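Data first, discussion second: the structure below is written as structure tokens.
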């Protein structure tokens, strides 16, 4: 294997281990967080309160040594509370722009679906363009901008359902879920210890270099066509009302390339596509029967779409 591929894999393994030391979650869940970060995507954490979502965001920011800001969404939160506003400065007799919390590297948006639709929309441009428009000016966000949004289940009191367009802006969705018995014990033990400040594994410059490596991971045209067939199958499935968008197909391809980088591989394989399918597509689909599980339908698609035969890798 090319040594230039091994080194990023080792760094990313250290990042994974650093997350695991302070966040009680399944290894594949933490790996998906890293994949989303590498793809410059944005992450939706959908769970009940108190399962460690905020802890995850804080530890990730500490490990990559970038600033973290947090927005607690409430029904009366205004777009200007997120984006910023110009304030009058008596000393200069002029208005000066005071940036909002969105101007950061990692932004934790807590309980996104408790914000009004107007405020939810304030995040759309930032997620898509890496910039925000305020007061007739477009202001760029840091190159490392990464949004992690948490969402309560829709049947909780005081929640506003996110529109399909906003769901599609999120690169992936994960569920931390309730811990098992052993994990619950570990969480309680960690709460008794003095909060640890983890040693950074990388910095912002290193992160940007790692992100640039993602598109250099090889993906065979047969796998690109396989991804396209999976996407088409979501649009043709009788129990899916709204299938995956072209943005979703690009996201799935990049997720597979990032997963290969994390695993120290120089090329994408079919199992990588299958592993990334549900996290990348699950939140983007609208089902005809809301009571059905999207995971079940995607597994059904996986069984029906033929897996391409790939050439054996040369030793």
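Where a number appears in this text, it was derived from the coordinates with a stated rule and is not lab data. Predicted model only: the values in this text are computed from it and were never measured. Positions of Cβ are generated from backbone atoms using ideal geometry, with glycine treated the same way; all protein chains shown enter the neighbour counts.
Fewest neighbouring Cβ atoms within 10 Å first, the residues 273, 294 line up as 294, 273. Measuring nothing but how far apart in sequence close Cα pairs (under 8 Å, 6+ apart) lie, relative to its length, segment 217-306 scores a relative contact order of 37 percent.
Neighbour counts of other Cβ atoms within 10 Å put 292, 183 in the fewest-to-most order 292, 183. Which of rounded, prolate or oblate describes segment 217-306 when judged by the alpha-carbon gyration tensor and an a/c cut-off of 1.5? Verdict is prolate for segment 217-306.
Distance between the C-alpha centres of segment 183-214 and segment 270-315: 29 Å, rounded to the whole angstrom.
Between residue 94 and residue 118, how high is the FRET efficiency from 1/(1 + (r/R0)^6) when r is the Cβ-Cβ distance and R₀ = 30 Å? Nearest 0.05. The value I calculate is 0.55.
Taking a ≥ b ≥ c as the square roots of the eigenvalues of the alpha carbon gyration tensor, segment 119-204 is oblate, as a/c is not under 1.5 and a/b does not beat b/c. Taking the fewest neighbouring Cβ atoms within 10 Å as the starting point, the ordered list for 188, 127 is 188, 127. With the helix formula -39500 (n - 2.57) applied to DSSP H stretches of n ≥ 4, the chain reaches a computed 222 nm mean residue ellipticity of -14500 deg cm²/dmol.
The angle between the Cα long axis of helix 117-129 and the longest principal axis of the Cα atoms of the chain comes to about 60 degrees, rounded to the nearest 10. Could you tell me the center-to-center distance, by alpha carbons, between segment 96-140 and segment 219-252 in angstrom? Each part's Cα centre sits 29 Å from the other's.
Judged by the ratio a/c of the largest to the smallest principal axis of the C-alpha gyration tensor, segment 151-294 counts as oblate, that ratio being 1.5 or greater while a/b is no larger than b/c. In the chain, the longest principal axis of the Cα atoms and the axis of helix 221-236 are about 70 degrees apart. With respect to the chain, whose longest principal axis is taken over its alpha-carbon atoms, helix 27-38 is tilted by about 70°.
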